[in-house]
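The values are calculated or read from the model by the stated rules, or taken from the named source; none is laboratory data. Note that the structure is a prediction, hence the values are computed from the model and not measured. With ideal geometry, Cβ positions are generated from the backbone for all residues, glycine too; neighbour counts draw on all protein chains shown. Calculation scope for accessible area: heavy atoms of the full protein, side chains included, ligands and nucleic acids excluded. Shrake-Rupley method; radii C 1.70, N 1.55, O 1.52, S 1.80 Å.
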Amino acid sequence: MLNRFKWSSCFSAVVGTLGFSTLTSCLALAYFLRLVLHSQAKLKAGRIIPAIATTTAMVTGFVCLELCKLVNKKPLESFRNLFANLALPLFAMSEPLPPMKVKSRVEKTKPDPVNYPDYVEEEEIVAHPEGHTAWDHICVDLGRDLTLEELLTHFKQDDQGKLETSSVSVPATGMALYNNLLPHTKQRLPQKLSQLISTVGKLSLAGRKEVLLECTFTNSEGTTVETPSILYKFR
């Protein structure tokens, strides 16, 4: 009787999980993906459950170990990267490397290596600030919501270098708010950035006080300038 009760409870849990998998088709509507029928969800759930019980469980365990190190404020040398293959089995660990630093440089490219293999173009790229990483941000916080024009003016008055903004986009949605090569985007200069991010950028700002923006810049000499992402605080 006890075994029958356990089997019934387990079966009900699985059926409930499958029903939940079918309901997640609502998410597919939001991302314009193909909907999944209940029968298809059963097939996919049957295939994914063994993976969840093996590899996913193992990865989750190792991630939790790294989180314990983070909570206990262990030094960087105590953290580990892991490469695992349960089929072999193989577990290989290594110390994480520091993030790559972006430095000023001259990049050489061959536009047409087939017809003109000896022709090389050189492009100077300036890092701003020098040695920044993918984890850095340039914070724009003036205590209020700026217009697009005020944001561009803010970068022009930068103390470390006068930056001319070529484009402004919302990386979360990939939508462009401004591009100096597209005349119609200049009509948005008087508009508030929060309004542009919501309407043009298609990003909901409910409950947000800040948002990441991607900007491309050139300096006064026309040289390309690489910067970290822009953390814009509007509230």
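Observations, loosely collected:
- Long-range HN-HN contacts of Arg80 with modeled amide H, under 5 Å: none
- The mean of 1/r over all pairs of different alpha-carbon atoms in region 135-235, once inverted, gives a Kirkwood hydrodynamic radius of 13.7 Å.
- Taken one residue at a time, the phi angles of region 225-235 give Karplus couplings (6.51, -1.76, 1.60, θ = phi - 60°) of 10, 9, 10, x, 5, 9, 9, 9, 9, 10, 9 Hz. Gly and Pro are set to x.
- Dipole magnitude of region 76-233, debye to nearest 20 (Cβ charges: Lys/Arg +1, Asp/Glu -1, about Cα centre): 780
- Whole-number D in µm²/s for region 33-101 (Stokes-Einstein; Kirkwood sum over Cα pairs; 25 °C, 0.890 mPa s): 164
- Environment charge of Thr173, counting only residues whose C-beta is closer than 14 Å and scoring Lys/Arg +1, Asp/Glu -1: +1
- Karplus-based coupling profile of region 98-114, in residue order and whole Hz: x, x, 5, 8, 8, 10, 5, 7, 10, 9, 10, 9, 10, x, 9, x, 7, with θ = phi - 60° in 6.51 cos²θ - 1.76 cosθ + 1.60 and x standing for Gly or Pro.
- For region 38-184: rounded, prolate or oblate by the Cα gyration tensor [a/c cutoff 1.5]: prolate
- For Ser229, the residues whose amide H sits under 5 Å from its own are Ile138, ignoring neighbours fewer than 5 places away on the same chain, with H placed 1.01 Å from N.
- Accessible surface of Lys156 - all protein chains present, 1.4 Å probe, nearest 10 Å²: 100
- For Ile52, the accessible surface of its heavy atoms amounts to roughly 90 Å² (probe 1.4 Å, protein chains only, rounded to the nearest 10).
- Taking amide hydrogens as placed 1.01 Å from N in the peptide plane, the amide H of Ala127 sits under 5 Å from those of Ser104, Arg105, Glu226, each at least 5 positions away in sequence or on another chain.
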